[in-house]
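One structure below.
The values are calculated or read from the model by the stated rules, or taken from the named source; none is laboratory data. Keep in mind it's a predicted model, so treat the numbers as computed, not measured. Please note: Cβ atoms are built from the backbone with ideal geometry, for glycine as well, and neighbour counts cover all protein chains shown.
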Protein chains: 2
Amino acid sequence: MVEAWREWITSNEDALIDRLAKAVEIPSVSGDAKHRDDCFKMAEWMKKQLEALKVQVRQVDLGKQTLDGQQVQLPPVLFGQYGDDPKKKTILVYGHLDVQPAAVSDGWNTDPFKLVVNKETGQMFGRGSTDDKGPVLGWLNVIEAHQKTNTEFPVNLKMCFECMEESGSEGLDEVVIEESKTFLKDVDAVCISDNYWLGTKKPCLTYGLRGLSYFKVSVSGPASDLHSGVFGGTVHEPMTDLFHLFSKLVTPTGEILVPGIKDLVAPLTAEERKRYEVMDFSLKDINNATGSETTLSQDKAEVLMGRMRYPSLSLHGIEGAFSTAGSKTVIPAAVHGKFSIRLVPNLTPGEVAPLVTKYLEEEFSKLGSKNTLKIEALHGGKPWMSDPEHWNFKAASKATEKVYGVVPDLTREGGSIPVTLTFEVALKKSVMLLPMGRGDDGAHSTNEKLDKSNYIDGTQLLGEYLHEAANYSS
Amino acid sequence: MVEAWREWITSNEDALIDRLAKAVEIPSVSGDAKHRDDCFKMAEWMKKQLEALKVQVRQVDLGKQTLDGQQVQLPPVLFGQYGDDPKKKTILVYGHLDVQPAAVSDGWNTDPFKLVVNKETGQMFGRGSTDDKGPVLGWLNVIEAHQKTNTEFPVNLKMCFECMEESGSEGLDEVVIEESKTFLKDVDAVCISDNYWLGTKKPCLTYGLRGLSYFKVSVSGPASDLHSGVFGGTVHEPMTDLFHLFSKLVTPTGEILVPGIKDLVAPLTAEERKRYEVMDFSLKDINNATGSETTLSQDKAEVLMGRMRYPSLSLHGIEGAFSTAGSKTVIPAAVHGKFSIRLVPNLTPGEVAPLVTKYLEEEFSKLGSKNTLKIEALHGGKPWMSDPEHWNFKAASKATEKVYGVVPDLTREGGSIPVTLTFEVALKKSVMLLPMGRGDDGAHSTNEKLDKSNYIDGTQLLGEYLHEAANYSS
């Protein structure tokens, strides 16, 4: 028998989708100073939504940051509290309200800031649909479903929703550490819904995340851009230097060339390798998700380990070079190459940054260029691993069986949510990732989507998890 | 004694600057489909200006082209005729009315499409001020000066003004070849004002230009952009492939690595090297122009030859990658790298393209990537060299002495104006480049400028050249 609160969710999907559409409409891009006001607008909208559901909301100011050369105010963190029954468990949930940049010119088929529902496939396209506005609203949907059906809420729910996750969660760590002594002191476990199933069919629980070190490498030469006819062949060109440097970072087959990185990775045991071999995943899943057949390996376990337990290095782009359509004959004066390294135990940003800096400086000096090199370590986060035997995971596993009828895979993930580690360290409680979306959702990419079924069933999953968690003794 | 028409130019500089300001205001960017209407507007404005000076104007339609995936109309070529006295020489002048792309976000200090005159330095900033709207208007100023002072015009002047020079002069060659049998049949010599002095002080005449081969190299992998956390370490990344490929094109010290290119370059003779050694030019000039000390050599002649008589390869940028401020963690799905090679005798686009394609395909196959490579040769033009002993050059040399009081250097240039060669081949007459602007004008770059004195004295130079040319027997 399905309970009333779950039936309410199924019967009210249009209203819940409308809630998501309203959230997607606010272009809360945290990495772009031009959209900073929208991040504030997003936080304000969320505060009202929570208060309408009788959640007590406290807004914490994070001060200022320097962005695109301007001093701008950081958007606030929202702390919510729903229920304070000392007989109930207290679960902390975290999510983020900010999104990655998006523009139709990047290749979106529709306006990224308008939720477009494909009636046939059930796919709901929009920036933030799956990362992470859909999952955040899932928690609100659960509260509303219990209220509308007069169902007793199984736990005390505490919420932490921020607006800077896509830009390194600037300012959040300090606040979480501070609140861990007061507001978050009585939390029994933490649940974060901000990742994805491995493929498109089977749910999973995630007990590990890679960390991140993001670098900006600037090569500067002339004072302003030059005509390649007039100056080509006479000066050292920053672009040439940058291409040579970046070609030394990683091989086309994915091997990181920065000395010392490989040595820091925890060695693979035979037992651990087995976990990847048995995982419910095929190359077809990843090929479907990428829309190509470009995996680095044909071995399923190797591919999964490439995502979950090994570091990787991706070149993202160049700021300052010619980047639009057409054929401009320019020698860019100063170019800023961006790349990042995904980190796994035992690689930390603090250890990686000096290795990268030393290596790039050495390689640059070999180029014999008169241009100037500057290396900046931008945001970063340590990798995280939790214990999947904890009751927090058992509760989520049972909830998954109730909603989806299968035992979820226990996975690690390739992405980075640095605050996961902060919660674990500050609260000393189990932290778990309970994904709502699918592996092909395209978070951070063009045409990001969340399937309607994942939004609706996922909302039920979050609710069932809270009910199951209530059954365990802390 | 300075003649009346020259005095008129000096006395009317405000009106002449205003004419330039009006031309700069029209953003006639030929390489961007969004600005195609502005190219038409620019041609229309120019036609009116010419007709107001009693120049007979004929507009030639060039048909359509494909730009940014759209079918768009090519802007027209304007042919002008001023005077048809069979006793006078007929000089053909050429210039272009289109400009390179420009935006404040590229680093301009002022709106690129508003002419801003610095009263102290006399520098006039604006896209197209020096390349090539200022020089084109110089010819109009000369006609007006003669009319206003009732001075007999020394030659029959024929004009060819196009709007596609910055995008490979698409469609022009065929028209020039066609017109060479009719309208341009009686031309005695050709003068093009679309280049620059070597430095900032001494005028020059130019008898050689480099050609150009522009390439677009596309590497495609996944169907859409991917999250580097979820997919980093699992797939072949197009950016990694592109950086490896482009690092194989040219060394940081400017050596082109494409096999076969070097072998095609005409060998340097001791006598030729001497020409560069005696040229009135110092490293300081180029350092001032680039605002840096980044020359590939400390030897003046080597630097000049790097610009004038050797090929060069410049990497311009990447379309499809992350290119703005901030730190986006994306794996771009398809990236299009742009580079071009400046050509010298005996390198032609037809010979270079197969060498580049073969080499890049070989290097790509060595990468072991599952991504897809596509190489396109975009616009190109052959190099050009003329005879600097022709009366056309002698007339310009005398005119320079009259206006500037010095014998100009005889130079070759690094840039590419493919139509120069077309005129020479189609008309079988001497073609000369007579620059108006300075070496530090920043054509194609941010904060492009033309000095007021170069505009005013340069207008006088164009006029004196016509008077001197009239003195020689064809």
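Looking at region B:187-205, which of its residues are part of a strand (DSSP E or B) and over 14 Å from B:A396 (Cβ atoms)? Within region B:187-205, just B:Y196 meets the criteria. Among the residues of region A:26-54, those identified as surrounded by fewer than 17 Cβ atoms within 10 Å (Cβ to Cβ), acidic (D, E) and either touching a residue at least 60 places away in the same chain (Cβ under 8 Å) or within 21 Å of A:G80 (Cα to Cα) (or both) are A:E44, A:E51.
When we screen A:E120, A:E166, A:E174 for residues that are over 25 Å from A:K88 (Cβ atoms), part of a helix (DSSP H, G or I), out of contact with any helix residue (DSSP H, G or I) (no Cβ under 9 Å at 6 or more places or on another chain) and of a type outside the set (G, A, S), the only hit is A:E174.
Rundown of residues vs (1) out of contact with any Lys or Arg (no Cβ under 7 Å at 6 or more places or on another chain); (2) under 29 Å from A:H244 (Cα atoms), yes/no style:
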{"residue": "A:S327", "(1), (2)": "no, yes"}
{"residue": "A:V344", "(1), (2)": "no, yes"}
{"residue": "A:L347", "(1), (2)": "yes, yes"}
{"residue": "A:G350", "(1), (2)": "yes, yes"}
{"residue": "A:D387", "(1), (2)": "yes, no"}
{"residue": "A:S397", "(1), (2)": "yes, no"}
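Per the listing A:V235, A:V303, the residue uniquely buried (at least 19 other Cβ atoms within 10 Å of the Cβ), at the interface with chain B (Cβ under 9 Å from one of its Cβ atoms), closer than 23 Å to A:E413 by Cα and modelled with pLDDT of 95 or more is A:V303.
Being farther than 30 Å from A:V2 by Cα, of a type in the set (A, V, I, L, M, F, W, C), under 18 Å from the mean Cα position of the chain (by Cα) and more than 14 Å from every other protein chain (Cβ to nearest Cβ) holds for only one residue in A:L434, A:L421, A:L427, and it is A:L421.
Residues in region A:206-223 that are surrounded by fewer than 22 Cβ atoms within 10 Å (Cβ to Cβ) and either part of a loop (DSSP other than H, G, I, E, B) or under 21 Å from the mean Cα position of the chain (by Cα) (or both): A:G208, A:K216, A:A223. Screening B:V72, B:V93, B:V57 for residues that are of a type in the set (A, V, I, L, M), within 14 Å of another protein chain (Cβ to nearest Cβ), part of a strand (DSSP E or B) and surrounded by 13 or more Cβ atoms within 10 Å (Cβ to Cβ) leaves exactly one candidate, B:V72. Within region B:330-363, the set of residues being out of contact with any Gly (no Cβ under 7 Å at 6 or more places or on another chain), assigned to a strand (DSSP E or B) and either within 12 Å of B:I256 (Cβ to Cβ) or of a type in the set (G, A, S) (or both) comprises B:G337, B:F339, B:S340, B:I341. Name the single residue that is nearest to B:K47 (Cα to Cα) among those in region B:14-32 being in a helix (DSSP H, G or I) and among the hydrophobic types (A, V, I, L, M, F, W, C). Going through the qualifying residues, I end up with B:A23.
Per-residue answers, yes or no, for (1) polar (S, T, N, Q); (2) without any contact (Cβ under 8 Å) to a residue 24 or more places away in the chain; (3) crowded, with 24+ Cβ neighbours inside 10 Å:
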site	(1), (2), (3)
A:E361	no, yes, no
A:V407	no, yes, no
A:T411	yes, no, yes
A:V431	no, no, yes
A:L434	no, no, yes
A:D440	no, no, no
A:T459	yes, no, yes
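Any residue that is within 13 Å of another protein chain (Cβ to nearest Cβ), free of Cβ contacts under 8 Å to residues at least 60 places away in the same chain and under 22 Å from the mean Cα position of the chain (by Cα) - is there at least one of those in region B:339-346? Checking region B:339-346: not a single residue is within 13 Å of another protein chain (Cβ to nearest Cβ), free of Cβ contacts under 8 Å to residues at least 60 places away in the same chain and under 22 Å from the mean Cα position of the chain (by Cα). For the criterion of being more than 14 Å from chain B (Cβ to nearest Cβ), more than 30 Å from A:Y404 (Cβ to Cβ) and either touching a Gly at 6+ places or on another chain (Cβ under 7 Å) or not basic (K, R) (or both), A:I143 fails.
Yes/no matrix, rows are residues, columns are (1) small (G, A, S); (2) out of contact with any strand residue (DSSP E or B) (no Cβ under 6 Å at 6 or more places or on another chain); (3) at the interface with chain A (Cβ under 7 Å from one of its Cβ atoms):
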| site | (1), (2), (3) |
| --- | --- |
| B:H244 | no, yes, yes |
| B:V250 | no, no, yes |
| B:G254 | yes, yes, yes |
| B:A266 | yes, yes, no |
| B:R273 | no, yes, no |
| B:M279 | no, no, no |
| B:S282 | yes, yes, no |
| B:E293 | no, yes, yes |
| B:D299 | no, yes, no |
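In summary, B:D285 fulfils each of the numbered conditions (1) at pLDDT 90 or above; (2) surrounded by fewer than 23 Cβ atoms within 10 Å (Cβ to Cβ) with the single exception of condition (1). Test B:L421 against the stated conditions and say whether it is in a strand (DSSP E or B) and touching a Phe, Trp or Tyr at 6+ places or on another chain (Cβ under 9 Å). Considered against the rule, which asks whether it is in a strand (DSSP E or B) and touching a Phe, Trp or Tyr at 6+ places or on another chain (Cβ under 9 Å), B:L421 comes out as no.
Within region A:240-248, one or more residues are surrounded by 24 or more Cβ atoms within 10 Å (Cβ to Cβ) and within 27 Å of the chain's Cα centre (by Cα).
Would you check if there is a residue in region A:198-205 being buried (at least 23 other Cβ atoms within 10 Å of the Cβ) and within 18 Å of A:V136 (Cβ to Cβ)? Checked against the condition, which is being buried (at least 23 other Cβ atoms within 10 Å of the Cβ) and within 18 Å of A:V136 (Cβ to Cβ), region A:198-205 yields no hits at all. Scanning region B:401-418 for residues that are among the hydroxyl-bearing types (S, T, Y) and within 14 Å of another protein chain (Cβ to nearest Cβ), we see that the one that is nearest to the chain's Cα centre (by Cα) is B:S416. Take region A:140-174 and flag every residue that is surrounded by fewer than 21 Cβ atoms within 10 Å (Cβ to Cβ), closer than 18 Å to A:V419 by Cα and touching a residue at least 60 places away in the same chain (Cβ under 8 Å). Answer for region A:140-174, where residues must be surrounded by fewer than 21 Cβ atoms within 10 Å (Cβ to Cβ), closer than 18 Å to A:V419 by Cα and touching a residue at least 60 places away in the same chain (Cβ under 8 Å): A:E170, A:G171, A:D173. Evaluated against (1) in contact with a Leu (Cβ under 8 Å, 6 or more places away or on another chain); (2) more than 7 Å from chain A (Cβ to nearest Cβ); (3) closer than 20 Å to B:G415 by Cα, B:A333 falls short on exactly one condition, (3).
Residues that are farther than 22 Å from A:V265 by Cα, more than 11 Å from chain B (Cβ to nearest Cβ) and touching an Asp or Glu at 6+ places or on another chain (Cβ under 8 Å) within region A:362-387 comprise A:L373, A:I375, listed in sequence order.
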